[in-house]
Amino acid sequence: MSSELSVELFKVWHIFSVSLGIFTGLNLLLAKKGNKKINYCLVLYVSILLIPSLNAYFQLLTHGTLVWLTRLSQNLTWAYGPLLFIIIQQSTNKPLSRWKICLHMAPFFIVAFYQLAPQNLIPASLVLWGLTLHVFCYGLASSVHVYRKKSRLVNLAKNHRNTTYYWLLFLALGLVVLALMDLTIINLVLRGVALNFSWLQFIAGAIAIYVSVICLLSLYQPEFFYKGETHAEHSANSQGKSSKERIRNVELNPATAKALDAELTRLVNSLQLHLDETLSLDKLAALLGVSRTQLSELFNIHKGLGFYEYMNNMRFEEALKILETNNSNCSIADIAYQAGFNNRNTFYKVFKNKTGLTPSAYRNLNRAQSSIADKAS
């Protein structure tokens, strides 16, 4: 293959990468779908990954360099750690506030502006050590959060496929690959190893395309990725049945049961325990400081319903709040995950039993009624 043809193919590749990134960003911003907070973070992610392809295309086109664009593309590693931490938090339904996101991204923007200065006063070796420490700290923080939420993440991967939160896991994987690749490249360059930067830029473009495609999948969630979660539903139903275990000896008098019920309500509401689909009867009993038998008695005898029925009632109320928000454009699958349901099928079953409607039909009816009320007023 001639060098001229190679150059043209690289140009086409980078144009495609940039075009797809711009298309993805516009969809995330303009499409009336998904969680807007997550969409804005994904726009930032996609925009950052456009920089290497833009820089590579400019170099191929002009046979020169834009100093500011080159320096910016060489310092993107500062953004990967914070983005990884932000996305991991979002995948567990624990999104950071806007000001916290800005705080986490501040080092990247500070370094970017510093690198644009005519003279750099800080030695390159010190900057490299700071970068390595920065990536390590965010990698450690993300790993700790993953470990603490591993049961939730496992359930997300198994029972909430083709949701926004499910696709966030793939975006997090892309960030891990990018950070490791950048640190490896920097280390090799400092050792004097000759590298083919054209192919490195090609790989960067490939990762940018991968990220854009995953972002589009998270936004539109095509149904051919979703297969029935019958096994998960059967598991949830069997758990619900087992929670209504027979109480042989009554241990709680009415006064004690009333006090325990009040503490249960306070604890569930304050800690939002119903949003954790991995919550078990044993775990809740430990949080309340009572035995499993006592908690089962509270549910089955004093409240007249099983543990999973109680939790699903709380999750149903949470789902109603989201569905009745007129500006909520989240998919039904995303709402099931946000509300804490074990899987989509359980959500549909509980919702249909409570309202006689599917979640989609309920939301459409609610929006129609709101529209009529607005016109009447």
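Computed quantities for the displayed model
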quantity: Residues located in segment 192-207, provided they are aromatic (Phe, Trp, Tyr) and either loosely packed, with under 11 Cβ neighbours inside 10 Å or farther than 16 Å from residue 73 by Cβ (or both); calculated: 199
quantity: Filter result for residue 329 (of a type outside the set (Gly, Ala, Ser) and touching an Asp or Glu at 6+ places or on another chain (Cβ under 6 Å)); calculated: no
quantity: Of all residues in segment 128-163 being out of contact with any helix residue (DSSP H, G or I) (no Cβ under 8 Å at 6 or more places or on another chain) and in contact (Cβ under 8 Å) with a residue 12 or more places away in the chain, the one that is surrounded by the fewest Cβ atoms within 10 Å (Cβ to Cβ); calculated: 151
quantity: Those residues of segment 19-43 which are hydrophobic (A, V, I, L, M, F, W, C), surrounded by fewer than 19 Cβ atoms within 10 Å (Cβ to Cβ) and outside any loop (DSSP other than H, G, I, E, B), in sequence order; calculated: 22, 23, 26, 29, 30, 43
quantity: Qualifying residue in segment 133-154 (condition: assigned to a helix (DSSP H, G or I) and touching an Asp or Glu at 6+ places or on another chain (Cβ under 7 Å)); calculated: yes
quantity: First in segment 164-191 and closer than 13 Å to residue 77 by Cβ and modelled with pLDDT of 95 or more, second anywhere and surrounded by fewer than 20 Cβ atoms within 10 Å (Cβ to Cβ) and not polar (S, T, N, Q), Cβ under 7 Å, 6 or more apart; calculated: none
quantity: Selected residue (only one of 61, 66 is over 24 Å from the mean Cα position of the chain (by Cα), surrounded by 14 or more Cβ atoms within 10 Å (Cβ to Cβ) and not polar (S, T, N, Q)); calculated: 66
quantity: Which listed residue, of 368, 319, is assigned by TED's automatic domain parsing to the domain that holds residue 254, surrounded by fewer than 17 Cβ atoms within 10 Å (Cβ to Cβ) and hydrophobic (A, V, I, L, M, F, W, C); calculated: 368
quantity: Among the residues listed as 194, 206, the single one being within 30 Å of residue 36 (Cβ to Cβ) and assigned by TED's automatic domain parsing to the domain that holds residue 16; calculated: 206
quantity: Pick from segment 279-303, criterion surrounded by 15 or more Cβ atoms within 10 Å (Cβ to Cβ) and part of a loop (DSSP other than H, G, I, E, B), ranking: farthest from the chain's Cα centre (by Cα); calculated: 290
quantity: Which numbered condition residue 253 fails, given (1) in contact (Cβ under 8 Å) with a residue 12 or more places away in the chain; (2) over 27 Å from residue 148 (Cβ atoms); (3) among the polar types (S, T, N, Q); calculated: (1)
quantity: Tally of residues being of a type outside the set (A, V, I, L, M, F, W, C), under 30 Å from residue 273 (Cα atoms), crowded, with 18+ Cβ neighbours inside 10 Å and without any contact (Cβ under 8 Å) to a residue 60 or more places away in the chain across segment 69-103; calculated: 2
quantity: Within segment 159-205, considering residues that are outside any loop (DSSP other than H, G, I, E, B) and among the small types (Gly, Ala, Ser), the one farthest from residue 330 (Cα to Cα); calculated: 198
quantity: Some residue of segment 221-239 being under 24 Å from residue 164 (Cβ atoms), at pLDDT 90 or above, in a helix (DSSP H, G or I) and outside the structural domain of residue 309 (by TED's automatic domain parsing); calculated: no
quantity: Enumeration of residues in segment 91-101 that are part of a helix (DSSP H, G or I) and out of contact with any Leu (no Cβ under 6 Å at 6 or more places or on another chain); calculated: 98, 99, 100, 101
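The values are calculated or read from the model by the stated rules, or taken from the named source; none is laboratory data. Here the structure is a predicted model, which means the values were calculated and not measured. A quick note on method: Cβ atoms are made from the backbone with ideal geometry, for glycine too, and the neighbour counts reach across all protein chains shown.
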